[in-house]
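Below is one structure, written out as structure tokens, with a few remarks after it.
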Amino acid sequence: MGKGRIIHPEAGLVSNLRHIEKLKAAQKFIVQARHLLDNTVSVEFIAQDLKDAVRVLDEMLGLEFSEDLLDRIFNEFCIGK
């Protein structure tokens, strides 16, 4: 098993800058959650980091929209004009 690590990194290529930023943000939350878990911190704090990681991934996948993303779409693609 990969134990949470990417076994074949070449299989997961991401070229969109926004996606790269979201993946890095999600990774930060996951690393932080793991650190808290290793230091036996309360599960509420660990759960919050994991929720934040899922939220960022949802934003990347278009399952949740932030105001910043909607503003960016309207500004960059002139939707509704």
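The values are calculated or read from the model by the stated rules, or taken from the named source; none is laboratory data. Predicted model only: the values in this text are computed from it and were never measured. Reconstructed Cβ throughout: ideal geometry from the backbone, glycine too, with neighbour counts over all protein chains shown.
Between a residue in segment 40-56 that is among the small types (Gly, Ala, Ser) and any residue that is assigned to a helix (DSSP H, G or I), which pairs come within a Cβ distance under 6 Å, given they are 6 or more apart or on different chains? The qualifying pairs are Ala53/Ala26; Ala53/Phe29; Ala53/Ile30. Looking at this structure, is Leu37 modelled with pLDDT of 65 or more and either touching a His at 6+ places or on another chain (Cβ under 8 Å) or assigned to a helix (DSSP H, G or I) (or both)? In short, yes.
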